[in-house]
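The numbers here are math on the coordinates, done by the rules we state, and not lab data. As the structure is a prediction and not an experimental result, all values here were calculated from the model. As a convention, Cβ positions derive from the backbone with ideal geometry for all residues, glycine included, and neighbour counts pool all protein chains shown.
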Amino acid sequence: METQPTSVKKIALNYGVLLALLSIVLQVISYVLDAHIDRPWWLTVLQLVISVGVISYGIKAYKASNAGYLTLGQALKTGLAISIVAGIIAVIFNYIFMNYIDPNFVQNTLDFSREQMIEQNPNMTEEQIKVAMDMSAKFMSPLIMSAFALIATLFFGFIISLFAGLIMKKNPPQQI
């Protein structure tokens with residue numbers, strides 16, 4: 001008697017919510033440590049490790065529920081589904097974060113960017129700085145930030161799923 005594999009939807013919801021919650025915890029920690037504006041390298045590495053771990057475990061769970069078989073397509077589908085669930089939850093949290101928890105986040109980020117620009121390019125004219133800051137401000141709108149966040153989440157989810165799928169791939173036997 002064959003067992004039905006767990007649906008991608010169920011795994012995507014479970015592991016997507018887990019990935020989102022762990023990412024939110026990391027963002028709250030960075031906020032408490034006042035490292036959310038000038039994001040240090042270790043936060044990026046930790047976020048990557050969390051993403052690789054959760055997506056890989058989600059793909060492994062799908063494989064286990066599928067009698068130990070996993071095609072590359074199933075791995076990609078599962079990993080991207082996990083990523084989209086996590087991305088949507090993260091976008092909602094970031095909206096809440098930027099509007100209620102730290103309403104000065106965008107302005108503080110722009111101020112930090114200006115300081116970095118002046119420090120790294122002391123020969124820039126005030127006009128060049130103004131043009132660069134105006135461009136940066138356009139990319140800091142909630143809609144554009146949300147779109148970039150979802151695109152980045154899907155891109156990295158695809159890369160992680162591709163590698164995890166290639167490592168865990170085990171095609172089912174061909175039936176005649």
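Values for this structure:
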read-out	value
Cross-link reach list, lysines versus Lys77, counting only Cα pairs under 22 Å and skipping chain neighbours closer than eight places	Lys9, Lys10, Lys60, Lys63, Lys169, Lys170
Gain on full stretching of the segment that runs from Gln107 to Met145 - 0.36 nm per residue minus C-alpha separation	12.3 nm
Angle in degrees between helix 142-168 and the longest Cα principal axis of the chain, rounded to the nearest 10	40
Separation of the Tyr69 and Lys10 label points, Cα + 7 Å toward Cβ, nm	1.9
Residue (of Ala90, Ile59, Thr44) at the positive-pole extreme of the stretch 23-176, dipole from beta-carbon charges	Ile59
Principal-axis tilt of helix 126-139 within the chain, Cα atoms, nearest 10 degrees	30
Computed magnitude of the charge dipole of the chain (debye, nearest 20; Cβ of K, R +1, Cβ of D, E -1)	1140
Projected label distance in nm at Lys138 and Leu46, using a 7 Å step from Cα toward the beta-carbon	3.5
Kirkwood Rh (inverse of mean 1/r, distinct Cα pairs), the stretch 76-125, angstrom	13.5
Sites Ala152 and Glu119 - FRET efficiency at Förster radius 25 Å, r taken between beta-carbons, to 0.05	0.45
Crossing angle, helix 72-96 versus the chain [Cα axis fit, 0-90 degrees, rounded to tens]	40
Peptide ranges 15-22, 90-97, 29-36 listed from the most packed, as the mean C-beta count within 10 angstrom indicates	15-22, 90-97, 29-36
Histogram of C-alpha separations across the stretch 2-147, 10 Å bin width, %	10, 30, 27, 18, 10, 3, 1, 0
Footprinting exposure proxy for Ile151, Ile59 (fewest neighbouring C-beta atoms within 10 Å first)	Ile151, Ile59
Candidate aspartates and glutamates - alpha carbon under 16 Å from Lys138, same-chain residues fewer than 8 apart omitted	Asp111
